[in-house]
Every structure is written in structure tokens, then in C-alpha cells.
């Protein structure tokens, strides 16, 4: 009788799952249906250890570290380009500011020079010193001093050699 009860239970399970009519029935009446073995305590402890080590999202610690490294790299690359653009623009801004200060100083210098040249006496003095102009009735004198020993041209020792040696030296060594 226990075999019949077991068979009835199995048939009832199959009917509930919707598999009862699709399978052909076994002709052997004394045949036992195998049940799935229950997990032992050691297997449940192992499953508990695996569950404890997998942790977040069912990933092992190595995989979690790899995912974390990938996320950090993605964030670094996402931030790197705007940061590089920011630094480049700051450098360009400082270069342009320096150039603007230099141009402002040059404008101030030219403004002072224009104010000086608006005076007719200053224009006459510049014409005398730079261009050598004189006023009507004045006699210009130019004093030329003899060259001193320090400013005298040095004598070229190669000037004493014959022309053909100089020519050969220039051709072989190149002009000086």
C-alpha cells in the first residue's frame, strides 16, 4: 500500500504541474519514483559561505574589484577631458592677460612720446639730432676724431698670403 500512495502522490504532483497527461504511464506497478536528495548540512554551510562571499549583486570580491576599477576609470576619463580644457583655458587666459598688460604699457609709452612731440621745440631738437638739420644762418660743424688704438681695425694676418692660397682656402673650407 505504501507504493500505491506514493504513486498517487507523484501523479498528483504531475497533474498540478501540468505534466501528467503528456507522459506515458509506466506499466510496472512496483516501480519506485526517485525523489531528489535533500541537501545535507555540509552543503548548506557551503552554500552559506558562497552566499556570504559573493555579497553585493552575487559577484565575488575579485569581480567586484574589477567592476569598481572599471567605474573609477570611466569616471577619471569622464573628468579628464573637461579638466584638461579648463587648465588649457586658464593658461591661455593668463597669456592673453600678460599680453594685454604689455600692450597697455606700450600704449602708455607711445602716448607720452606723442605728447612730447606735440611741442615744436622738441620736434626741432629731434630734427637736429637725428637728421642733421640746421636753422637758417647756422653753420654746421662735424668733428671727426681719429680712431683710437682700441678701436683701430686689426690687421688680418691672412692678408699677407698670395691670392691663390686664399682662393684655395675659401674653396676648400668655405667662406668665413
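Rule-based calculations on the coordinates, nothing more; no lab input. Values in this document were obtained by computation on a predicted structure and should not be read as measured data.
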(request) Compute the convex hull volume of the Cα atoms of segment 77-170, divide it by the residue count, and report the result per residue in Å³ as a whole number. (result) 314
(message) Starting from 0.36 nm per residue, how many nanometres of slack lie between residue 80 and residue 142 once their C-alpha separation is accounted for?
(response) 15.3 nm
